[in-house]
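Trainee: Got a structure for you, questions after.
Read-outs: derived from the displayed coordinates by stated rules, not from any lab. The model shown is predicted, which means the values in this text are computed figures rather than measured ones. FYI the Cβ positions are ideal-geometry reconstructions off the backbone, even for glycines, and counts take in every protein chain you see.
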Amino acid sequence: MYTTRYVIGFIFILTASVAVGLTGLREATKNMAVKNEDIFNKRAILSAVEDYLPDGKKVKDLSDQEVAQIFDNMQQPVLNMQGEVLDGVQAEDIDMAKERKKPEAERRLPLYIYEHNGQKFYILSVRGNGLWDEIWGNIALKSDGNTIAGAAFDHKGETPGLGAEIKDNPTFHKQFEGKKIYEDGQYVSIKVRKGGAKNPEHEVDAISGATVTSDGVTEMLYRGINYYQPFLKEIRQSDSAQGLLMQ
């Protein structure tokens, strides 16, 4: 017959052993977990230029080494809200969730410059709110600083089959390809319209039954891309000047 003291002691020792074991396992796998999260985030960024990856590969077909190599060859400046490049920091070091908690004037903007077959793409990171929690995305612009080459979205807790379709449904983000964020020189962004897009250059179809999430994407894109306006103004002027030189 076990005494109460024996049972309590056994439970204490067992609990302590499990806690020590789990702590040791966490520490032993910590570096691997950080590496896996880093590669996961890089794959999400590359999803915005999936149609332009080496050898026609899809993001899921790239090895971890290939993903890392692509990023090693990319320029990764970080901009302040005035569009100036900050020294001593790279885009992949920026945590957008933490930046979003700062006052707007103090935020830092990651920028990924990807090149493929002589083409240059600017990948912008945006973050906003869906129905239940945060949503985010990466938007790739062509060298004109206006035409969307690709888009990829993710979320923290949107409803499966509804709001979660911004990530899970490839036809949703495919709609963004070729859309323009400027109209007659004025910034307009892209609208996710309930009931179907009416403006083929600046609108995409909303997700049926996910109005709040769709509106959240619209707001996120307008505000998030707008943060990059000082930089986009410079490259658009540069692209325009280059076009005149080639005439």
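Trainee: Consider TYR122 carefully, then state whether it is within 29 Å of VAL212 (Cα to Cα), of a type in the set (Phe, Trp, Tyr) and assigned to a strand (DSSP E or B).
Mentor: Considered against the rule, which asks whether it is within 29 Å of VAL212 (Cα to Cα), of a type in the set (Phe, Trp, Tyr) and assigned to a strand (DSSP E or B), TYR122 comes out as yes.
Trainee: Being part of a loop (DSSP other than H, G, I, E, B) and touching a strand residue (DSSP E or B) at 6+ places or on another chain (Cβ under 6 Å) is the filter; apply it to the range 178-201 and report the residue that is nearest to TYR122 (Cα to Cα).
Mentor: LYS179
Trainee: Identify, by number, the condition in (1) on the phi > 0 side of the Ramachandran plot; (2) in contact with a His (Cβ under 9 Å, 6 or more places away or on another chain); (3) small (Gly, Ala, Ser) that GLY88 doesn't meet.
Mentor: (2)
Residues are listed down the side, and each one gets a yes or a no for (1) of a type in the set (D, E, K, R); (2) in contact (Cβ under 8 Å) with a residue 24 or more places away in the chain; (3) in a helix (DSSP H, G or I):
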residue	(1), (2), (3)
ALA68	no, yes, yes
GLN82	no, yes, no
ASP87	yes, no, no
LYS101	yes, no, no
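Trainee: Scan the range 177-197 residue by residue and report those that are surrounded by 14 or more Cβ atoms within 10 Å (Cβ to Cβ) and of a type in the set (Gly, Ala, Ser).
Mentor: SER189, ALA197
Trainee: Continuing with this model, one more query. When you go through ASN138, ASN146 one by one, which is the residue that is of a type outside the set (A, V, I, L, M) and out of contact with any Gly (no Cβ under 9 Å at 6 or more places or on another chain)?
Mentor: ASN146
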